[in-house]
Amino acid sequence: MAFTDKNAEPYSGQDLVRYIDKVLQVRPPQSKVRNFSYQIIKRMFQPQILDIENIPGKPCLFVANHAMYAVDGPIIGLPMLAEHGRFIRALSDKFLWNPINENLLLNQGIVIGHPEVCSALMENGSDLIVFPGGAHEATKTADKKYQLLWKERYGFIKLAAKHGYTIVPTAIVGPEDFYDHLIEGEDLPNTIVGRALTKLGLINENTRSDLMGPIPLGLFRTLIPKPQKCYIQFGEPLDLSKYKGKRLAQKTMISLREVVAGEITTMIKTLLQRRDKEKQHFGRIRRLLTN
């Protein structure tokens, strides 16, 4: 079964047990490479963290909007570790995982977004970040930029309530402007590239449609991201400790999710307005490179 198939599961049974044990052994990375990456991000994207005081001292589940191809992960993860000492474990899509890259992803703090993995990390008192839109939101078309595409997903609410975790709504503006869209993912199967992938068997009736993203164009029409300034804002925390160990009614889950989504949407709108005002003071070169 191909990793792009709808029913592909990289971990199960004893292999999942082994994986979880490995996840819990990971410690915050402090390599020179990671510090170098942080310095690049700091200089190139100038991430500005707002309302950091909203984050409580205890472990949290950060819930955020997602950018194309998950380029937002390092934008929030590296500054939060380097500047605030929060090692945030990012929940990722299952299609990313295989025996070859397992250690590489784990050492970056990334984990598979499996309920048992999340539960183990919450029991261990870890900071987590989830992008409920997942791959669907990370491959959206340009006209849906900065929109939340969460479908009917409530898993993050269930897990946070089960473990009495605090949810911190998180808005990220900037990464969705790193790239233009040359071809949208939904149009890819009808292109020369798409037909070639179909002949090679990489696209078929079992292929997940949410894995077919746009063909990106970055700086100077390359894959290098444009040096957009980034903004990260944390909303009012939502403490779910009173629900710990309880099974939530559907109405309660819907209500809680609406609170989180509503706050993120409001913050995104405010951040976009803030960026538009601050653009007037950007240097000429940055304005040229980000158009």
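The values are calculated or read from the model by the stated rules, or taken from the named source; none is laboratory data. Since this is a predicted model, take the numbers as computed values, not measurements. Quick reminder, even Gly has a Cβ in these numbers, built from the backbone with ideal geometry, and neighbours come from all protein chains shown. Please note that ligands, DNA and RNA were not included when accessible areas were found on the heavy atoms of the full protein model with its side chains. Shrake-Rupley method; radii C 1.70, N 1.55, O 1.52, S 1.80 Å.
A few remarks follow.
- The listed residue being under 26 Å from residue 78 (Cα atoms), among the acidic types (Asp, Glu) and open to solvent by 40 Å² or more (accessible area, probe 1.4 Å), out of 180, 187: 180
- Residue 172 being in a loop (DSSP other than H, G, I, E, B) and either open to solvent by 80 Å² or more (accessible area, probe 1.4 Å) or among the β-branched types (Val, Ile, Thr) (or both): no
- Restricting region 36-65 to residues that are open to solvent by less than 60 Å² (accessible area, probe 1.4 Å) and in a loop (DSSP other than H, G, I, E, B), the residue that is nearest to residue 137 (Cα to Cα): 65
- If the condition is being under 27 Å from the mean Cα position of the chain (by Cα) and open to solvent by less than 80 Å² (accessible area, probe 1.4 Å), then region 194-205 contributes 194, 197, 203, 204.
- A single entry from 23, 33 fulfils the requirement of being aliphatic (A, V, I, L, M), in contact (Cβ under 8 Å) with a residue 24 or more places away in the chain and assigned to a helix (DSSP H, G or I): 23.
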